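Colleague: Could you have a look at this structure, given as C-alpha cells, before my questions?
Just so you know, all these numbers are worked out from the coordinates, no wet-lab data involved. Small disclaimer: the values here were computed from a predicted structure and weren't measured. Glycine gets a Cβ as well: all are built from the backbone with ideal geometry, and neighbour counts include every protein chain shown.
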Amino acid sequence: MSRLTEDLLTLAAWNRANTGSTCSVSAPKELLRDALESFREVARPYGVELAMENSAPDGHVKADREAIHQIFSNLIERTR
C-alpha cells in the first residue's frame, strides 16, 4: 500500500511540474548498475536474483534516472 501511495505522489508531482521529465545523458550500463546496487537485497527475499550480463548496450541514452529507478522498483514489487 505504501508503494502505491508513493507511486501516486510521484505521478502527481510529475503532472504538477508540467515541464517534462528531468532527463540526463547516461550510459545504459550505469543505469543498470545503479538498479542492481539499489535493488539486489530488496529482491533476494522474493527469490529474485538480479545480475547484469556483459551484453548491456554501449553508448548513451537520454533518460530520467528517477523514472528508471521507479520502473525497476515496480518490476521487483510485482514479483511478490
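Colleague: What ranking, highest mean first, results for peptides 33-43, 58-68 when packing means the other Cβ atoms within 10 Å averaged over each residue? Please list the in-between numbers first.
Modeller: Numbers: 33-43: 14.5, 58-68: 12.8.
Listed from highest to lowest mean packing, they are 33-43, 58-68.
Colleague: Could you work out how much longer the chain between LYS29 and TYR46 gets when fully extended? Use 0.36 nm per residue separation minus the Cα distance between them, nm to one decimal. Before the final figure, lay out the partial values.
Modeller: Values: separation 17, 0.36 × 17 = 6.12 nm, distance 2.43 nm.
Residue separation times 0.36 nm, minus the Cα-Cα distance, leaves 3.7 nm.
Colleague: Go through the range 26-31 residue by residue and turn each phi into a ³J(HN,Hα) via Karplus (6.51, -1.76, 1.60, θ = phi - 60°); whole Hz please, and just put x for glycine and proline.
Modeller: Working through the residues one at a time gives 9, 7, x, 4, 5, 4 Hz.
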